[in-house]
1. Kindly indicate which of Thr37, Thr82, Thr2 is of a type in the set (Val, Ile, Thr), over 26 Å from Arg127 (Cβ atoms) and either modelled with pLDDT of 95 or more or surrounded by 13 or more Cβ atoms within 10 Å (Cβ to Cβ) (or both).
2. Give the residue that is farthest from the chain's Cα centre (by Cα), with candidates limited to residues of the range 144-161 that are within 11 Å of the ligand (Cβ to nearest atom) and not hydrophobic (A, V, I, L, M, F, W, C).
3. Restricting to the range 144-187, what's the tally of residues that are open to solvent by 60 Å² or more (accessible area, probe 1.4 Å) and part of a helix (DSSP H, G or I)?
4. Looking at the range 84-101, I want the residues that are among the acidic types (Asp, Glu) and have a partner that is open to solvent by 10 Å² or more (accessible area, probe 1.4 Å) and near the ligand (Cβ under 10 Å from one of its atoms) with Cβ atoms under 9 Å, at least 6 apart or on another chain. Which pairs are those?
5. If I filter the range 133-143 down to residues being out of contact with any helix residue (DSSP H, G or I) (no Cβ under 9 Å at 6 or more places or on another chain) and outside any strand (DSSP E or B), which single residue comes out as farthest from the ligand (Cβ to nearest atom)?
6. Any residue at all in the range 119-132 that is more than 22 Å from Thr32 (Cβ to Cβ), open to solvent by 10 Å² or more (accessible area, probe 1.4 Å), assigned to a strand (DSSP E or B) and not hydrophobic (A, V, I, L, M, F, W, C)?
7. With respect to the numbered conditions (1) among the charged types (D, E, K, R); (2) within 23 Å of Gln63 (Cα to Cα); (3) more than 16 Å from the ligand (Cβ to nearest atom), which one is the sole condition not fulfilled by Arg127?
8. Output the residues belonging to the range 162-178 that are in contact with a strand residue (DSSP E or B) (Cβ under 8 Å, 6 or more places away or on another chain) and away from the ligand (no atom under 11 Å from the Cβ).
Amino acid sequence: MTKLAIPRRSLLLGTGFVVMSAERAFAATLATTPQQTEGPFYPVSFPTDMDNDLVQVSGQAAQAMGTVLHLQGRVLDSSGTTVPGAMVEIWQCDAQGIYDHPRQPGRERRDQAFQGYGRMLVDAEGRYSFRTLKPVAYPGRTPHIHFKVATAAGSQLTSQFHIAGEPETERDFVYRDATRSPQQRERIEMRLQPAPGLEPGALATSMDIVVG
Ligand SMILES: [Fe+2]
C-alpha cells in the first residue's frame, strides 16, 4: 500500500524536476561577458556630477565635443535572468583621446564639458542606459568604453566595449586577449546604429552584460 501512496508524490516531484532541468539546460546558454583589464585610467577621484549623462555636466552650458552615443542594455546572469540592484559604471576618454586622470599626459587640455565617468543602478528590469560619446582611438588602443558591474551579491565584472568592424580592433591586444569565442566577441562588440529619433546625429547601441 505504501508503495502506491509514495509513487504518486514521487512522480509529481519527478516531473517537476525534469521540467526544471530542461529549462535550466535551455536557459544556461548565454555566453558571459569576458573580463578585460581595468587599465590605468579608472578614476582616482570621482567627478561631482557622475550621473548617466556624460555628455552634459550639470551646471555647464557646453555639451561635450564628439558624437553622442546612447548605450543601453540589461545586466543578466548566464541563465538570462535580470540581475536587480547591479551598479554599472563606465569611463572613457574625451573626443580628443584624453582621460580625466592624473596619469594622463596632456590632461590639462581635456574637454571640461565631458564628464568622463558615470554610474547608475539598474532598474527593476535590470536595465541601464548612458548618454555618452562614441569612443575614439588614442595611442596604442582602438576605441573602447571601459565598464564595471558590481552586483548586490558582491560579484564584480570589469571589461571594455569595442566597436564592431573597427579595422584596427583585431590587432588591439586587450580585445584579442578577451575574444576567444564568437559568443564572447559579441558581448563586447558594439554595433552602432544611427538614432535620429533620440537626438539628431546621435548613435545608439544595445549591449547586455552577462555576469555569469
Ligand atoms: Fe582605455
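1. Numbers: Thr82 fails: over 26 Å from Arg127 (Cβ atoms); Thr2 fails: either modelled with pLDDT of 95 or more or surrounded by 13 or more Cβ atoms within 10 Å (Cβ to Cβ) (or both).
The conditions single out Thr37.
2. In this case the residue turns out to be His144.
3. 9
4. Close Cβ pairs (under 9 Å, with a partner that is open to solvent by 10 Å² or more (accessible area, probe 1.4 Å) and near the ligand (Cβ under 10 Å from one of its atoms)) amount to Glu89/Tyr42; Asp100/Phe41.
5. So the first thing to find is which residues in the range 133-143 are out of contact with any helix residue (DSSP H, G or I) (no Cβ under 9 Å at 6 or more places or on another chain), and the list is 133-139.
Those left that are additionally outside any strand (DSSP E or B): 134-137, 139.
On the way: Lys134: 14, Pro135: 8, Val136: 11, Ala137: 10, Pro139: 11 Å.
It comes out as Lys134.
6. To start, the set of residues in the range 119-132 that are more than 22 Å from Thr32 (Cβ to Cβ) comprises 124, 131-132.
If we keep only those that are open to solvent by 10 Å² or more (accessible area, probe 1.4 Å) as well, we get 124, 131.
Those left that are additionally assigned to a strand (DSSP E or B): 131.
Now narrow it down to the ones that are not hydrophobic (A, V, I, L, M, F, W, C): 131.
Yes, the range 119-132 contains a residue that is more than 22 Å from Thr32 (Cβ to Cβ), open to solvent by 10 Å² or more (accessible area, probe 1.4 Å), assigned to a strand (DSSP E or B) and not hydrophobic (A, V, I, L, M, F, W, C).
7. The one condition Arg127 does not meet is (2).
8. If we filter the range 162-178 for residues that are in contact with a strand residue (DSSP E or B) (Cβ under 8 Å, 6 or more places away or on another chain), which is where we start, we get 162-164, 169, 172, 174-175, 178.
Selection gives Ile163, Ala164, Thr169, Tyr175, Ala178.
The values are calculated or read from the model by the stated rules, or taken from the named source; none is laboratory data. The shown structure was predicted, so the numbers you read here are calculated from the model rather than taken from an experiment. Because the Cβ atoms are built from the backbone with ideal geometry, glycine has one as well, and the counts that use them run over all protein chains shown. Calculation scope for accessible area: heavy atoms of the full protein, side chains included, ligands and nucleic acids excluded. Shrake-Rupley method; radii C 1.70, N 1.55, O 1.52, S 1.80 Å.
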